[in-house]
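My structure is below; once you've seen it, I'll send some questions.
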Amino acid sequence: AKNAAAVHPKPQDCTMSELGAAAAHPDYPMWSSLLRWSLAQGSDGTSASPQGPMSEEKRKFLEGALKAMGEDGAERQRAIFEAVQKFVDGAGDADACVDALEQLEDDAQDLDAARDLLKAGMLGLVLKAVDADDAAVSAAACGVVAVATANDAEVQNGAGQAAVDALLGAWRRSVAAEDDGWGRRALHALCATTRNAPMEKRYVEKDACEVLKHALLRSATKDGARLAAKAAFALQALLADDPGRKTHLGSAINAATRHLEAPPLFADDVAADAARRQLREHC
C-alpha cells in the first residue's frame, strides 16, 4: 500500500488468502517483529518520537526484535539503524548514513512501514539526521520524513512540531549554503509534514511566507527552478485550501507574481510549467 492512496481493511475483513499473501511478503517478519517490539514498550505510536540516541534499554529491546526476524531482514535493518545512529552520535560515515536513509525512504513508501518507523522510535533518530550540518545526510533524512508523513495523519501527529522545527532548521541551513537541491528536499518534507496537520496553522502564520518567498525567487539554475516549482505548488495548495491565508502569505504571493512574470528559464521542465499554471489562479 502506498502513502498516496492507501486503504487498509480491518483484520476481520481479510480473507485467509490475503493474510497468507501478506505473511509471505519478504519484509513481513521484519516489520511485524518491530511492531511487536514497539507495542511491548506500551506506546501506541501517537506521541512524538524522542530525539536523541536510543536508551540502552530500548536498544536491547530492538536487538531482541531483530533477532526474531529472518537472518537477512535482521541484518539489513541492523545495518541501517547502526549507520544512522553512529553518524548522529558523531562516529559514523556520512556516505553510509545517506545510503541507510535512502533505504529507509524506500521502505517508507509503504504506509504500514512508515507507521512502524514511528512506532519503533526510528523517526526520532531520522530527525537527528535532519539536524545534521552535512547537506547530503540532512537532505536524505528530509526525504524519509517527506515520504513517511505524506497523506498520513498518524505519522504527521507522531512527528509533531519537533519535525517541523528540525525541517525549518534544515531549510535555513540550505539557504545559507545556497544549496537548492537540499532546500527542495527540506521544503518537500515541510509540505508533507504540515499539510492538514495540527502544525499547519502555526507554520502558515509564522514561517511559510519566509520559506516560500525565498524559494520562488530561486529560478536561475536547474535546481533552483525545481525548488521554485515545488514552492509554487505548495503556495497554490495553501491558498486553495483557504484563500484567507493571503493575509499571512502576502510577500510570498508578491514573489510568486514576479516568478510568473519572468519568462521560464527551463521551458522543458514539465513540473515547473504545471506549477506556474496552477499558481496563476491565485496571483
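If you look at just the Cα atoms of the stretch 149-209, how large are its Rg and its Dmax in Å?
Expressed in Å, the Cα Rg and Dmax of the stretch 149-209 come to 11.2, 33.
Moving to a separate point now. ALA140: net charge of surrounding residues, Cβ under 10 Å, Lys/Arg +1, Asp/Glu -1, itself excluded?
Working: positive: ARG185; negative: ASP99, GLU102, GLU105, ASP134.
Net local charge, ALA140 excluded: -3.
Run the simple label-point estimate for THR247 and ALA91 please: 7 Å along Cα→C-beta, distance reported in nm.
That separation, rounded to one decimal, is 5.3 nm.
Rounded to whole Å and sorted largest first, what semi-axes of the equivalent ellipsoid does the C-alpha gyration tensor of the stretch 70-177 yield via the square root of 5 times each eigenvalue? Please list the in-between numbers first.
Details: eigenvalues 82, 67, 22 Å².
Value: 20, 18, 10 Å, ordered largest first.
Between beta-carbons, use under 9 Å as the cut-off and find the net charge around VAL204, counting Lys and Arg +1, Asp and Glu -1. Don't skip to the end; give the middle numbers.
On the way: positive: LYS201, ARG202, LYS206, ARG245; negative: GLU200, GLU205, ASP207, ASP242.
The answer is 0.
Now for a different question. So what are the stretch 122-182's ellipsoid semi-axes, whole angstrom, largest first, if each one is the square root of 5 times an eigenvalue of the alpha-carbon gyration tensor?
Numbers: eigenvalues 80, 22, 20 Å².
Sorted largest first and rounded, they come to 20, 10, 10 Å.
If you don't mind, there's one more thing I want to ask. Where does the charge balance sit around GLN156 when Lys and Arg score +1, Asp and Glu -1, over other residues with C-beta under 10 Å from its C-beta?
Details: positive: ARG195; negative: ASP152, GLU154, GLU200.
My count for the surroundings of GLN156 gives -2.
In addition: If you take the square roots of the eigenvalues of the alpha-carbon gyration tensor of the stretch 140-248 and sort them as a ≥ b ≥ c, do you get rounded (a/c under 1.5), prolate (a/b over b/c) or oblate? Intermediate values should be presented prior to the final figure.
On the way: a/c = 1.72, a/b = 1.19, b/c = 1.45.
The shape class here is oblate.
Taking a 26 Å limit on the Cα-Cα distance, which of the listed pairs LYS201/LYS222; LYS201/LYS230; LYS119/LYS246; LYS128/LYS246; LYS128/LYS222 fall beyond it? Mind showing how you got there, number by number?
Values: LYS201/LYS222 31 Å; LYS201/LYS230 20 Å; LYS119/LYS246 37 Å; LYS128/LYS246 33 Å; LYS128/LYS222 29 Å.
Beyond 26 Å between Cα atoms: LYS201/LYS222; LYS119/LYS246; LYS128/LYS246; LYS128/LYS222.
OK, next. Over what distance in Å are the Cα centres of the stretch 227-243 and the stretch 96-127 separated?
Centre-to-centre (Cα) distance: 27 Å.
Bear in mind these aren't lab numbers, they're just calculated from the coordinates by the rules spelled out. What you are looking at is a predicted structure, and each value in this text was computed from that prediction instead of being measured. No Cβ is skipped: glycine too gets one built from the backbone with ideal geometry, and neighbour counts run over all protein chains shown.
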